[in-house]
Every structure is written in C-alpha cells, then in structure tokens.
Amino acid sequence: METKPYEVIFDEILTRIEKARLNVSGHHIVKIVAASKSATPHMIEEMYNIGQRCFGENKIQDMSDKVNALAYLPLEWHFIGRLQTNKINQLIDLQPSLMHSLSSVELAQEMDKRLAVKGKTMNVLLQINSAYEEQKAGVLPEIAQEVYEQITFTCKNLHLKGVMSIGAHCEDQHIIQKSF
C-alpha cells in the first residue's frame with residue numbers, strides 16, 4: 001500500500017475543512033492550529049513550506065525550544081497545554097498569540113499580576129470542562145459565565161477572546177456531542 005505525501009494529506013484536510021466551513025457560512029474564518037507537540041523543528045519547517053503558519057505546543061520547554069529554533073520563520077505560536085504557576089513567566093516571555101487553557105480565576109489573577117510587572121498583555125481562552133472529566137482542567141459550565149465576567153473585570157492584562165472545551169474522551173458519539 002502506497003502512503004500519500006504529507007502535502008497531499010494536508011491538502012485533503014484543508015479541502016474537508018473548507019467544505020465544512022461553507023456548510024456553516026461563507027463568512028466564517030477558520031484558522032488551523034497544528035498541534036506540534038511531537039514534531040521536530042525540521043518537521044514544523046516542512047509544514048511551514050506547504051502553508052501551515054500556526055502551531056500549538058502543550059509544554060512550555062518544548063515551545064521555548066521550537067520558538068527559538070524557528071525564530072527565522074514568521075510563525076504564530078499558541079499555548080495549548082495546562083499551565084503550572086511556576087511556568088507563567090516563561091510563557092509570558094514566549095509571547096504566544098493565544099493561550100488556549102486558562103483554567104481558573106486563581107491562575108488568571110496570578111498571570112495578570114506577572115503580566116502587569118512585565119508591562120505586557122496576553123490573549124487567552126477560558127477552558128471549560130464541559131465533559132465533567134476529573135482529569136481535565138477548566139471551569140464547570142454552570143459557573144463559566146460568572147468566571148468569564150470576573151476575569152474580564154479584574155484581570156486587565158488578560159484579553160479573553162472566547163472559550164475552549166475538549167469533548168468527552170470516549171467512543172460514544174452522543175456523549176461527545178453532549179459535552180459540547
């Protein structure tokens with residue numbers, strides 16, 4: 001069996017996404033954030049060469065290594081992992097375009113303090129644990145609006161751009177859909 005070149009696979013993925021986008025609305029803008037957690041800098045550069053510009057990392061050290069190794073490319077970096085308090089300053093210094101995993105008021109307040117000290121701001125998404133899974137971080141749906149508003153009003157250095165959620169991790173499509 002012949003394997004397809006990754007350029008062909010990437011084009012097929014883009015075509016499927018475009019069809020889905022048009023089924024919803026011709027006015028929506030879709031940005032693909034390629035999770036690069038197991039990719040080498042060389043692999044990321046190959047993806048850049050076929051058109052991918054936006055990459056997401058889930059570990060601060062891996063993100064730092066790749067940002068520095070690929071600084072010569074105009075890449076957009078996103079942080080998609082769980083952030084430990086002791087890594088906040090490192091994340092701020094990496095200046096991601098978006099942090100996808102703001103999981104609590106306490107984390108927001110600590111980030112806000114450190115951003116203020118550095119004279120910086122950061123775009124973030126509030127993570128909602130809509131699957132109610134203990135191993136997942138995030139606020140529960142019942143309090144998400146309250147938490148969102150509290151962060152908006154009290155954390156002036158964080159710019160909430162929306163929310164994110166990861167669906168239930170199971171085979172049952174009904175349960176997965178319900179988690180969204």
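The values are calculated or read from the model by the stated rules, or taken from the named source; none is laboratory data. On a predicted model such as this, the values are computed, not experimentally measured, just so you know. With ideal geometry, Cβ positions are generated from the backbone for all residues, glycine too; neighbour counts draw on all protein chains shown. When the accessible area is computed, the model is the full protein with side chains, heavy atoms only, and any ligands, DNA or RNA have been set aside. Shrake-Rupley method; radii C 1.70, N 1.55, O 1.52, S 1.80 Å.
With 27 Å as the limit, the listed pairs Lys31/Lys59; Lys37/Lys87; Lys66/Lys178; Lys37/Lys161; Lys19/Lys120; Lys156/Lys178 have Lys66/Lys178; Lys19/Lys120; Lys156/Lys178 beyond it between alpha carbons.
Residues in region 33-41 carry Karplus couplings, in order, of 9, 7, 5, 10, 4, 10, 8, 7, x Hz; the curve used is 6.51 cos²θ - 1.76 cosθ + 1.60 with θ = phi - 60°, and Gly or Pro positions show x. Solvent-accessible surface of protein heavy atoms, probed at 1.4 angstrom with all chains present, puts Val30, Val24, Val105, Val124 in the order Val24, Val30, Val105, Val124, largest first.
At 1.4 Å probe size, put Ile128, Ile44, Ile166 in order of accessible surface, largest to smallest.
Details: Ile128 30, Ile44 0, Ile166 85 Å².
In descending accessible area the options line up as Ile166, Ile128, Ile44.
The string of couplings for region 149-162 from the Karplus curve (6.51, -1.76, 1.60, θ = phi - 60°) is 5, 4, 5, 4, 7, 10, 10, 6, 9, 9, 10, 6, 9, x Hz, one whole number per residue in order, with x for Gly and Pro.
For region 103-180, the per residue solvent-accessible surface stands at 62 Å², with DNA, RNA and ligands left out and a 1.4 Å probe. The dipole here belongs to region 104-180: it is taken about the Cα centre, uses +1 on the Cβ of Lys and Arg and -1 on the Cβ of Asp and Glu, and is about 580 debye.
When each of the peptides 88-95, 56-63 is scored by the mean number of other C-beta atoms lying within 10 Å of its residues, the order from highest to lowest reads 56-63, 88-95. For the chain, averaging the sequence separation of C-alpha pairs within contact (under 8 Å, six or more residues apart) and dividing by the residue count gives a relative contact order of 14 percent. Among Ile175, Leu126, Val139, whose Cα lies farthest out toward the positive end of the dipole of region 122-180, if unit charges sit on the beta carbon of Lys, Arg (+1) and Asp, Glu (-1)? Result: Leu126, furthest along the dipole toward the positive end. A cut-off of 5 Å between modelled amide H atoms, ignoring neighbours fewer than 5 places along the same chain, links Met164 with Leu126, Gln127, Ile128. About its Cα centre, the dipole of region 1-125 is roughly 400 debye, where the only charges are +1 on Lys and Arg Cβ and -1 on Asp and Glu Cβ. Of the accessible area of the chain, computed with a 1.4 Å probe over protein heavy atoms only, carbon and sulfur atoms account for 54 percent.
Protein-only accessible surface at a 1.4 angstrom probe places the residues Ile151, Ile13 in the order Ile13, Ile151, largest first. Our coupling estimate for region 97-113, obtained by passing each phi through the Karplus curve with A = 6.51, B = -1.76, C = 1.60 and θ = phi - 60°, is 5, 7, 9, 8, 10, 6, 10, 6, 5, 4, 5, 4, 5, 5, 4, 4, 4 Hz, Gly and Pro reported as x.
Once backbone amide H atoms are built at 1.01 Å from N, Ser101 has Leu125 as its partners under 5 Å, excluding neighbours fewer than 5 places away on the same chain.
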